[in-house]
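Participant: One structure follows; several queries about it will come next.
The values are calculated or read from the model by the stated rules, or taken from the named source; none is laboratory data. Treat the numbers as computed from the prediction; the structure is a model and nothing was measured. Counting neighbours? That spans all protein chains shown, and the Cβs are built from the backbone with ideal geometry, glycine included. Ligands, DNA and RNA are excluded from the accessible area calculation, which covers all protein heavy atoms including side chains. Shrake-Rupley method; radii C 1.70, N 1.55, O 1.52, S 1.80 Å.
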Amino acid sequence: MPMLDIEKRIKDEKVKSRFKLVRLAGLRAKELNSFKEGDIPARLQKYHKVTTNALDEIIEKAVDFEEIDG
């Protein structure tokens, strides 16, 4: 099982909690799993599982996100 360093991303100003990181990774994993035209293709593919790749992309800042009030 891969050991990803989530602590370095949690200390980031945009991601302040593990819960937010997990939520973002879940949304990204769904996007990767059901890829449609206009979606961002996978940036990093080091692992076999989509959820681990999604989490790795967020930790390594390969994809960025912005918060929307709503």
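Participant: Can you tell me which residues in the range 18-35 are in contact with a helix residue (DSSP H, G or I) (Cβ under 7 Å, 6 or more places away or on another chain) and closer than 23 Å to Glu7 by Cβ?
Facilitator: Taking the range 18-35 first, the residues in contact with a helix residue (DSSP H, G or I) (Cβ under 7 Å, 6 or more places away or on another chain) are 18, 21, 24-25, 28-29, 32-33.
Hits for the range 18-35 are Arg18, Leu21, Leu24, Ala25, Arg28, Ala29.
Participant: Scan the range 53-70 and report the pairs whose first residue is more than 16 Å from Lys16 (Cβ to Cβ) and whose second residue is small (Gly, Ala, Ser) and in a helix (DSSP H, G or I), with Cβ atoms within less than 7 Å and a gap of 6+ or a chain change.
Facilitator: Sorted first by the residue in the range 53-70, then by its partner, the pairs are Ala54/Ala25; Ala54/Ala29; Leu55/Ala25.
Participant: Go through the range 1-39 and give me each residue that's at pLDDT below 75, open to solvent by 100 Å² or more (accessible area, probe 1.4 Å) and of a type in the set (D, E, K, R). Give the steps one after another, and end with the answer.
Facilitator: In the first step, residues of the range 1-39 are kept if they are at pLDDT below 75; the result is 1-3, 35-39.
Narrowing further to those that are open to solvent by 100 Å² or more (accessible area, probe 1.4 Å): 1, 3, 35-37.
Within the range 1-39, Lys36, Glu37 meet the criteria.
Participant: With respect to Ala42, is the statement that it is assigned to a loop (DSSP other than H, G, I, E, B), surrounded by 12 or more Cβ atoms within 10 Å (Cβ to Cβ) and modelled with pLDDT of 85 or more true? Please lay out each step first, then the result.
Facilitator: On the way: assigned to a loop (DSSP other than H, G, I, E, B): yes; surrounded by 12 or more Cβ atoms within 10 Å (Cβ to Cβ): yes; modelled with pLDDT of 85 or more: no.
In short, no.
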